[in-house]
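Note sheet for the following structure.
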Amino acid sequence: MPSYFIGELSEKRLFDLIKPLLDGKKSGMISVKGREYGEIHVEGGQIIHAWTSFNTGEEAILAIMEWRVGRVSFDWEVTTTERSVGVATEQLLLDWANREEEWNKIREVIPSPGVMFCIAVQGGAENRSISGDQWKVLALCNGSKRVSDIADSLHWDIFKTSKTIFQMVREGLLER
């Protein structure tokens, strides 16, 4: 299988690397190999299937978009009958842009997955309503686990974990 290198995520955003393939209505498999591995399958410029170790479909694409390290390659000979992406590519790219904007806000509080959080001592005495996901994170935030460790423990992606922690920091439940 001829796999052609198209870029490095440490140098360029994934969006910028795959946009020419989508615009050119290419078909094949985009693979991203780094700390993790993921695939995005395109057919006639439309994203039809994607997967990572933890996700498939739209969530896999959004997870891969968050990766900052990895080699991106394209193989036009690989096809698939899998159809895990039910959203139009244009909508997916819009969701991607929205998530990127959301990430920018989250990164002000959580600059990297290596940051650690603990329960806020001065969190206030008022009654709070805590969601199930927040309880799961709260149980693991002991000041010695990194965001990436919490994500691994919960089998969540970094975005979901970071977003939950971000909300909890804003609510005064957690602190760095």
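Going through region 1-40 one residue at a time, which ones are small (G, A, S) and in contact (Cβ under 8 Å) with a residue 40 or more places away in the chain?
Passing the criteria: S3, G7, S10, S27, G28, S31.
Is it the case that W96 is of a type outside the set (S, T, Y), open to solvent by less than 80 Å² (accessible area, probe 1.4 Å) and under 30 Å from G45 (Cβ atoms)? Working first, answer last.
Numbers: of a type outside the set (S, T, Y): yes; open to solvent by less than 80 Å² (accessible area, probe 1.4 Å): yes; under 30 Å from G45 (Cβ atoms): yes.
It is true that W96 is of a type outside the set (S, T, Y), open to solvent by less than 80 Å² (accessible area, probe 1.4 Å) and under 30 Å from G45 (Cβ atoms).
If I go through region 20-55 residue by residue, how many of them are surrounded by 15 or more Cβ atoms within 10 Å (Cβ to Cβ), small (G, A, S) and either in a strand (DSSP E or B) or touching a helix residue (DSSP H, G or I) at 6+ places or on another chain (Cβ under 6 Å) (or both)?
4
Yes/no per residue for (1) touching a Lys or Arg at 6+ places or on another chain (Cβ under 8 Å); (2) surrounded by fewer than 12 Cβ atoms within 10 Å (Cβ to Cβ):
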| position | (1), (2) |
| --- | --- |
| D75 | no, no |
| T80 | no, no |
| R83 | no, yes |
| T89 | no, no |
| M116 | yes, no |
| Q122 | no, yes |
| W156 | no, no |
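Using the structure shown, decide if D152 is under 24 Å from W67 (Cβ atoms) and open to solvent by 70 Å² or more (accessible area, probe 1.4 Å).
On the way: under 24 Å from W67 (Cβ atoms): yes; open to solvent by 70 Å² or more (accessible area, probe 1.4 Å): yes.
Against the criterion (under 24 Å from W67 (Cβ atoms) and open to solvent by 70 Å² or more (accessible area, probe 1.4 Å)), D152 qualifies.
Quick one: M168 ticks every box in (1) aliphatic (A, V, I, L, M); (2) in a helix (DSSP H, G or I); (3) crowded, with 16+ Cβ neighbours inside 10 Å; (4) over 22 Å from the mean Cα position of the chain (by Cα) except a single one, so which number is it?
Every condition holds for M168 apart from (4).
Return yes or no: is V85 assigned to a loop (DSSP other than H, G, I, E, B), without any contact (Cβ under 8 Å) to a residue 40 or more places away in the chain and either more than 24 Å from W103 (Cβ to Cβ) or among the hydrophobic types (A, V, I, L, M, F, W, C) (or both)?
yes
So which residues in region 124-143 are of a type in the set (G, A, S) and either within 17 Å of the chain's Cα centre (by Cα) or open to solvent by less than 80 Å² (accessible area, probe 1.4 Å) (or both), if there are any at all? If you could, list the steps in order and put the result at the bottom.
Initial filter on region 124-143 (of a type in the set (G, A, S)): 124-125, 129, 131-132, 139, 143.
Matches in region 124-143: G124, S131, G132, G143.
Which residue pairs have Cβ atoms closer than 8 Å, lie 6 or more positions apart in sequence or on different chains, and pair a first residue in region 152-166 that is more than 13 Å from G114 (Cβ to Cβ) and among the charged types (D, E, K, R) with a second residue that is in a loop (DSSP other than H, G, I, E, B) and at pLDDT below 95?
From region 152-166, the pairs are D157/F54; D157/N55.
Just need a number here: residues in region 58-80 that are among the hydroxyl-bearing types (S, T, Y) and either without any contact (Cβ under 8 Å) to a residue 24 or more places away in the chain or within 14 Å of I48 (Cα to Cα) (or both).
The total comes to 2.
The values are calculated or read from the model by the stated rules, or taken from the named source; none is laboratory data. Just so you know, these numbers come straight off a predicted model, no measurement behind them. With ideal geometry, Cβ positions are generated from the backbone for all residues, glycine too; neighbour counts draw on all protein chains shown. What goes into the accessible areas is simple: the full protein's heavy atoms, side chains included, and nothing from ligands, DNA or RNA. Shrake-Rupley method; radii C 1.70, N 1.55, O 1.52, S 1.80 Å.
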